[in-house]
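Only the coordinates and a few stated rules stand behind these numbers; no lab work does. Remember, it's a predicted structure, so these values are computed and weren't measured experimentally. Ideal geometry is used to build each Cβ from the backbone, glycine not excepted, and the neighbour counts take in all protein chains shown.
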Amino acid sequence: MSNARGLNWSQRVTMRMIADGRSPAGGSSFLYTKGLGIPGGTIRSLQRRGLIERYSWLEPGWVLTKAGADAIRSGECDDEQGLE
């Protein structure tokens, strides 16, 4: 997926955090970012790329789009150098 190319470390970590989260309704791939220290620019850039979207207009939080889920499954959001 070309939208996920060039993701920086913060964007890749945020995508993985969203993928690992659970929504209040019990679904997967949810993240409520308030208080987590995730820069607003990271969220905005992922949203602009079409990789994440708002969970709901009434509830706070973010979920992966189909493109974002595809990027996670393909490994495009994995660390390039692995854990050190």
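Can you tell me the FRET efficiency between D79 and A25 if r is taken as the Cβ-Cβ distance and R0 is 35 Å, rounded to the nearest 0.05? Please list the in-between numbers first.
Details: r = 30 Å, r/R0 = 0.86.
In this case the efficiency is close to 0.70.
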Q.
Taking the Cα of Y32, stepping 7 Å toward and past its beta carbon, and measuring to each backbone N in segment 48-82: which are under 18 Å?
A. 53-64
Q) What trypsin sites (Lys or Arg not before Pro) in segment 25-84 are in a loop by DSSP, with at most 11 other Cβ atoms within 10 Å of the Cβ? A) K34
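Report D for the chain in µm² per second (integer): Stokes-Einstein, Kirkwood Rh on Cα pairs, 37 °C, 0.692 mPa s. Show your work: numbers first, answer last.
Details: Rh = 12.8 Å.
Rounded to a whole number, D works out at 257 µm²/s.
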